[in-house]
C-alpha cells in the first residue's frame, strides 16, 4: 500500500512532506522519496530504498527549499525496491515529475509506442511510463493540465497521482481512478494526500476526489474537473477524528493500542442504536432500504481480508435468526466471475477503509444489476460510503495496524445489530429474547477489558510456544 502527500503554500514544503510520509508509514513501504520546486523552476528530488528516517538523514535541507512539494512511500509492484525505482519519477526531459499509487495495466503498450518515438527509460516502473506519456502530450500542447488529462485518457488501470512541472512551478496536478486521494484545505495553503492521517495535523477540511476526476491546485485553492473536462463543484467536508487517535499514546505499537481500544470501539458501534430495556435496534442509515431488506430473497455479503471473516460471522447470525439465505463472497473473486445477481438481492459490502479496491468493484457490479447495496464501513466519507444506497458506520475510530482488531469486532457488532433489527421486524425473535441478547451485548465491553487486562499472561505463553 503506497502513500502520497503534497503541499503548496507559503511555508517550506519539505518538513511538511517528511512529516506526512512518517504518518503514512503504517501502510507499509519499501522505499520513499520527495521532490520540491520553487520560483527558479528547478525540481529537486531525493529518493531511496529503505525508511523515511534514512532518507531524511541524507537530504540536504538547504538545497531542498521550496513552497511546493510532493512525496511518496512505495510498495514495489512494477520494478524491484531499489533507489532508482522509488518515487518520484521524472519524464525523459526532467521537466515533469510524478508520484503514483496504483497499477497502469496497459503500460507495456504505452511503453512500446513511446519507445518508437525515441523515449528512453531509466527504470522498470509503470509510473515512469506515465510521466513520459504526460511529457509526450506536453511537448505537443505546452499546457500541463491538458497534457495530464490527455495522458489519463490513454491509461487503463488504477491510479492516484500528483504531478509537478518545471515550466509551471506554481501548481500541483492530482487525479484519481480507483486509488484514494483527497485535498486538504488550509489557510492560504493546500495539501493533498492518499490518507487523511497525513494531513490531519494541519487541517480537518477536506475534499475527496472521485474516480475519473482531477484537480489543478495552486496556492489560492483548487479547480476540480473530470478527466473529460467537465467542471465540478464539491463541498468541503470536515474530518471527524483528531490527532491523538492516530498516535500510539504510550503503547509499544498501534496494533497493541487498537487491541486495548476494543471495549470503547464496540460501545461506539452500538451507542445510540440499541435500547437495552426493549432490545429494539434502530439504524438510521438503513431506514431507506429497510423494506427491501425485509423482503429480500437473498443477502450477499462481500469483503476482503479480515472483513471477509466478519462476513462469515454475519452469515451465521442472519441465517439463524432472520431466516434469510446468505452467501459470503470474497470480493476479489466476486468481481471477476460474472456473478448472478438479482434486483431483489441485498448486497452488503464490508470495508474498514471504505476504499478496498476489490470491494468497491464488487459494489459497482452489484449496482449494475440493480441490487440493493449496503455498506458497513469505518471511514466516513469514503468511496464505498458515498456510493452505496444505504449503510451504517462502525465508528471504531482510525485503525492504523494492518492486522485488523477493533474494526473486525465492530464489524461483527454492526452485523449483530442488523440481525436483531431484522429478526424483530420479522417476528422471528421474541422481544424477551431480544432484550436478553441486547443485555449480553451491553456486557461485552466489560468482558473484553477483563480479557485484555491479562495481556502479560498471554505474552508469557507466547514466549514459551
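Of the candidates 285, 279, the single residue that is part of a loop (DSSP other than H, G, I, E, B) and farther than 30 Å from residue 146 by Cα is 279. Among all positions in segment 389-408, there is at least one residue which is more than 20 Å from residue 265 (Cβ to Cβ), in contact with a strand residue (DSSP E or B) (Cβ under 8 Å, 6 or more places away or on another chain) and touching a residue at least 12 places away in the same chain (Cβ under 8 Å). Pairing residues of segment 423-440 that are under 8 Å from residue 278 (Cα atoms) with residues that are crowded, with 19+ Cβ neighbours inside 10 Å, at Cβ distances under 8 Å and at least 6 apart in sequence or on separate chains, gives 431/279; 431/424; 434/279; 434/420; 434/423; 434/424; 435/279. Do we have residue 403 as surrounded by fewer than 21 Cβ atoms within 10 Å (Cβ to Cβ), at pLDDT 95 or above, in contact with a helix residue (DSSP H, G or I) (Cβ under 9 Å, 6 or more places away or on another chain) and more than 26 Å from residue 157 (Cα to Cα) here? No. If you check 206, 216, 174 for being in contact with a helix residue (DSSP H, G or I) (Cβ under 8 Å, 6 or more places away or on another chain) and within 16 Å of residue 149 (Cβ to Cβ), only one passes: 216.
Exactly one residue among 231, 219, 213, 277 is touching a strand residue (DSSP E or B) at 6+ places or on another chain (Cβ under 7 Å) and under 30 Å from residue 346 (Cβ atoms), and that residue is 213. A count restricted to segment 4-13 and to residues that are closer than 17 Å to residue 218 by Cα and either within 24 Å of the chain's Cα centre (by Cα) or crowded, with 22+ Cβ neighbours inside 10 Å (or both) stands at 5. Looking across 73, 77, one residue alone is within 26 Å of residue 37 (Cα to Cα) and at pLDDT below 90. It is 73.
One line per residue, one yes/no per condition, for (1) out of contact with any strand residue (DSSP E or B) (no Cβ under 6 Å at 6 or more places or on another chain); (2) part of a strand (DSSP E or B); (3) surrounded by fewer than 17 Cβ atoms within 10 Å (Cβ to Cβ); (4) touching a residue at least 60 places away in the same chain (Cβ under 8 Å):
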site	(1), (2), (3), (4)
318	no, no, no, yes
324	no, no, no, yes
327	no, yes, yes, no
338	yes, no, yes, no
341	yes, no, no, no
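One residue alone among 309, 342 is more than 18 Å from residue 409 (Cβ to Cβ) and either in the same structural domain as residue 444 (by TED's automatic domain parsing) or at pLDDT below 95 (or both), and that residue is 342. Of everything in segment 304-314 that is part of a helix (DSSP H, G or I) and touching a helix residue (DSSP H, G or I) at 6+ places or on another chain (Cβ under 9 Å), the residue that is farthest from residue 419 (Cα to Cα) is 306.
Can you list residue pairs whose Cβ atoms sit under 7 Å apart, with the first residue in segment 249-260 being in the same structural domain as residue 401 (by TED's automatic domain parsing) and over 13 Å from residue 396 (Cα atoms) and the second being at pLDDT 90 or above and surrounded by 14 or more Cβ atoms within 10 Å (Cβ to Cβ)? Count only pairs 6 or more apart in sequence or on different chains. Pairs that qualify, where the first residue is in the same structural domain as residue 401 (by TED's automatic domain parsing) and over 13 Å from residue 396 (Cα atoms) and the partner is at pLDDT 90 or above and surrounded by 14 or more Cβ atoms within 10 Å (Cβ to Cβ), are 255/405. Among the residues of segment 87-111, those that are surrounded by fewer than 21 Cβ atoms within 10 Å (Cβ to Cβ) and in a loop (DSSP other than H, G, I, E, B) comprise 92, 93, 94, 95, 103, 105, 106. I'd like to check something: does segment 47-64 contain any residue that is farther than 25 Å from residue 15 by Cβ and in contact with a strand residue (DSSP E or B) (Cβ under 9 Å, 6 or more places away or on another chain)? No - not one qualifying residue is present in segment 47-64.
The residues of segment 362-386 that are in a helix (DSSP H, G or I) and over 14 Å from the mean Cα position of the chain (by Cα), listed by number, are 362, 363, 364, 365, 366, 367, 368.
The values are calculated or read from the model by the stated rules, or taken from the named source; none is laboratory data. Every value quoted in this text rests on a predicted model; they were computed, and no experiment measured them. Quick reminder, even Gly has a Cβ in these numbers, built from the backbone with ideal geometry, and neighbours come from all protein chains shown.
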